[in-house]
Amino acid sequence: MTRLELDVAPEPEPPSPSVLAARRRRALVVGLGGGRDGESPMAKSSFAERRPRPAPMSHSRLQLDDALVVPAGAIVRGYLRCRALLLVGDVVGNVHCTGGPVVVRSGASLKGRLVAAGDVYVCGSVGDGSGGAVITTSGKVTLAPGSRVDGDVRSGRLDLYDGAMLLGTAKGCEE
């Protein structure tokens, strides 16, 4: 049995130029009450206004046992049946995962339908030109920032992050 461990956490968006400029100004007045207090749940600005800090993103550890790995640069055509899948390259065809999770990394694409028994994490793109349900699972579907799904999603739970694109409908799946 092969064990593959993968850190799954959406990449945070880079700060805007105005936020960077504000941080520089705040750094200049640290001695005058600006900056941040590490123990406080609030962030303090140079103008003594207080605002809550954003909640830290949860960082989970994902284990893929006996996962089929499609490496970057590889193109697989046809029907795939596997226990778990780590997709870094491209798949053209339908995929059926019978056990573990499915991970579609950033830059990877699946042009077909995906039926999974476990959770599905999409950072790349999944789509099927014919319409209908593209991702079907009784587990959780996570669409990370920058991901794109062209079609319907049927899942037990859906996590949709800012910057993710779902071009279709989301429906519950209790099976």
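The values are calculated or read from the model by the stated rules, or taken from the named source; none is laboratory data. The model shown is predicted, which means the values in this text are computed figures rather than measured ones. Counting neighbours? That spans all protein chains shown, and the Cβs are built from the backbone with ideal geometry, glycine included.
Taking the criterion of being among the acidic types (Asp, Glu) and modelled with pLDDT under 90, the only residue of the range 124-166 that qualifies is Asp128. Scanning the range 137-162 for residues being in a loop (DSSP other than H, G, I, E, B) and not hydroxyl-bearing (Ser, Thr, Tyr) gives a total of 7. Condition check for Thr169 on (1) modelled with pLDDT of 90 or more; (2) more than 11 Å from the chain's Cα centre (by Cα); (3) surrounded by 15 or more Cβ atoms within 10 Å (Cβ to Cβ): one failure, at (3). Considering only residues that are within 16 Å of the chain's Cα centre (by Cα), in a loop (DSSP other than H, G, I, E, B) and closer than 15 Å to Leu166 by Cα, which ones fall in the range 109-136? Scanning the range 109-136 gives Cys123, Gly124.
Please tell me if Tyr121 is at pLDDT 90 or above, surrounded by 21 or more Cβ atoms within 10 Å (Cβ to Cβ) and of a type in the set (Phe, Trp, Tyr). When the stated conditions are applied, Tyr121 passes them.
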